[in-house]
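The values are calculated or read from the model by the stated rules, or taken from the named source; none is laboratory data. Since the model is a prediction, treat every value here as computed from it, not as a measurement. With ideal geometry, Cβ positions are generated from the backbone for all residues, glycine too; neighbour counts draw on all protein chains shown.
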Amino acid sequence: MKIVRYGWFTLLALFMLRIGVGFHFFGEGFDKIRNPKPFSTHFFMAAKGPYADEFHAMAWDADGLVRLGYQANTDTGFPEVEMKATKEFWEAYAKSVSRHYRFSKEQNKECDRIVGDYLVLVDQFVNGYRDVKGKFIPGYEAELIEYFQAVERRENDRGDDVRQNVATLRGQVATWEGEIAQKRAPLLAQVESLWRGLEADLNRVVENTDLEGALVKEMEQHKKQIKKPWLAIGKIGRKRVDSVAIDRVIPWFDCTVGILLILGLFTRVASLAGAVFLSGVVVTQWPGAVGAASTWPQLIEMLAMLTLAAVGAGQFGGLDYFVGIYCRSKKREENE
């Protein structure tokens, strides 16, 4: 096999390309770890092209339909509000909290009381209630159904090729998106406050336990409970691979790829992994698809990473040089 030798300018260019791409990946990942905010939901929902539906499905409850109790009714054709799934999730979470902290009998009673209060609150959110003066405070069932119908209409329009291909109609869909977001925000804010409140109240059962007259054994158990970490409530309606999982994995993936490229270690593997990731970004905005955003920066960086993988750029000023020496020495020992 012919050995390819590169000039100093080529080697310098490959070295700088590897370092530059490595720092870019590391910077992207480190920023996301330092400021952990959901980022992939918007990314998936903005997908265009033949695989858009698959990417949209990966966005966890982007429209809040699961948390808001959306349920289609095929008989009437009108959506309904059903909070059964939320209630079951809360009850299961309460049991998990009880096991996590090893609640006493009295603490379990308090846990049940808290869950019961929140089940009432979620019913009041939908159906309304009467205040202490007997005045009826209406719930949000009508607003929820109106919102569900708007989402259904938008989904139908997304599947309409005519609306997607005609610029003026496509703009109308974008306007509806804004209106839907305005309707969604206050409804989700109230439901999210119930989720966060339940999580906080159940985790604070230990802190609020009355220890007056408690036995030594109970005091020791309480000390152990206080040391246990807060148990997060989790998210309802999740899939194995969704935007929540992506938000957790991608920052560390970016950092790992970046560090390996900077060090020039396992460069081929790191470069190929990064190229595959970037190809996924390009696919979400399918070239030529109606409304697709430009992905030239990602495409160019993907090609750069494929170049790094093809030439094994880590052997030039990187740790792969020493890995190569070690592997070749081991191979010679085996052949002798």
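Among the residues of the stretch 321-333, are any assigned by TED's automatic domain parsing to the domain that holds Arg268 and closer than 20 Å to Ala52 by Cα? No, every residue in the stretch 321-333 fails to be assigned by TED's automatic domain parsing to the domain that holds Arg268 and closer than 20 Å to Ala52 by Cα.
Among residues of the stretch 195-211 being acidic (Asp, Glu) and farther than 25 Å from Asp123 by Cβ, the one that is modelled with the highest pLDDT is Glu207.
For Glu54, the conditions (1) over 27 Å from the mean Cα position of the chain (by Cα); (2) at pLDDT below 95 all hold with the exception of (1). Those helices (runs of 4 or more DSSP H) of the stretch 1-73 in which 1 or more residues are closer than 30 Å to Asp123 by Cβ and among the hydroxyl-bearing types (Ser, Thr, Tyr) occupy 40-45.
Taken together, the residues in the stretch 241-284 that are under 30 Å from His100 (Cα atoms) and either among the hydrophobic types (A, V, I, L, M, F, W, C) or in the same structural domain as Glu91 (by TED's automatic domain parsing) (or both) amount to 7. Within the stretch 9-22, identify whether any single residue is within 20 Å of Ile300 (Cα to Cα), at pLDDT below 95 and either of a type in the set (Val, Ile, Thr) or not assigned by TED's automatic domain parsing to the domain that holds Ser271 (or both), and answer yes or no. Within the stretch 9-22 (the criterion being within 20 Å of Ile300 (Cα to Cα), at pLDDT below 95 and either of a type in the set (Val, Ile, Thr) or not assigned by TED's automatic domain parsing to the domain that holds Ser271 (or both)), the answer is yes, since at least one residue qualifies. The residues in the stretch 102-125 that are at pLDDT 95 or above and outside any helix (DSSP H, G or I) can be counted, and the count is 0.
Scanning the stretch 136-179 for residues that are touching a helix residue (DSSP H, G or I) at 6+ places or on another chain (Cβ under 8 Å) and at pLDDT 90 or above returns Gly139, Tyr140, Glu141, Glu143, Leu144, Glu146, Tyr147, Ala150, Val151.
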